[in-house]
Amino acid sequence: RIRAVILRDTGATISPFNAFILLQGLETLSLRVERHVANALKVVEYLSKHPKVTKVNHPALPDHPDHELYKKYFPKGAGSIFTFGGQEAAWKLIDSLEIFSLLANVADVKSLVIHPYTTTHSQMTPEELAGQHITPSTVRLSIGTEYIDDIIDDLDQALAKV
């Protein structure tokens, strides 16, 4: 199956160097995903208890509508990308982050942040935004593989500024 994806995405023949880089990435993928998931769960727990955060949207939380499916299909955890909200000063928070990069990418090795209301979902109607639970205070995080204490410290100092 991996060969089919490689052939579809890169062509029938890749250079030896590109093959080496691809294999290097595949060999460490499971370790990176474990770190993404573990870090994300700790960030979700931290944010869900923070007084300035009113909502964290991640299926690991018991109040999430898909929590039972999450427990059934992802017993070791899943998803390093999620949203949260509560602070009307979403851009102040985003601008105050030091480790997170402001990028629309997801699942990068480094932690990323974006403001969906004014970026990735800015062309949606107010009804579509409401249906996706995206408000001006929504912030999307993609949690990376950095040391978890650094990630949480960065969020903590940024939340203190809003």
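The values are calculated or read from the model by the stated rules, or taken from the named source; none is laboratory data. Every value quoted in this text rests on a predicted model; they were computed, and no experiment measured them. Here the Cβ positions follow ideal geometry from the backbone for every residue, glycine too, while neighbour counts run over all protein chains shown. The accessibility values were calculated without ligands, DNA or RNA, using every heavy atom of the protein model including side chains. Shrake-Rupley method; radii C 1.70, N 1.55, O 1.52, S 1.80 Å.
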| field | Top-ranked residue in the stretch 1-42 [being open to solvent by 100 Å² or more (accessible area, probe 1.4 Å) and outside any helix (DSSP H, G or I); ranked as modelled with the highest pLDDT] | value | T13
| field | Residue satisfying condition, being out of contact with any Gly (no Cβ under 7 Å at 6 or more places or on another chain), outside any strand (DSSP E or B), free of Cβ contacts under 8 Å to residues at least 24 places away in the same chain and open to solvent by 10 Å² or more (accessible area, probe 1.4 Å), within set A107, A130 | value | A130
| said: For the stretch 76-98, which positions are open to solvent by 60 Å² or more (accessible area, probe 1.4 Å) and among the β-branched types (V, I, T)? | reply: I81
| query | Out of all the residues in the stretch 34-56, which are touching a residue at least 60 places away in the same chain (Cβ under 8 Å) and closer than 19 Å to G144 by Cβ? | reply | R35, H36, A38, N39, A40, K42, V43, Y46, L47
| query | Regarding L47, is this residue open to solvent by less than 90 Å² (accessible area, probe 1.4 Å) and in a helix (DSSP H, G or I)? | reply | yes
| remark: Exactly one of T119, T135, T125 is surrounded by fewer than 17 Cβ atoms within 10 Å (Cβ to Cβ) and either aliphatic (A, V, I, L, M) or within 13 Å of T83 (Cα to Cα) (or both), and that one is T135
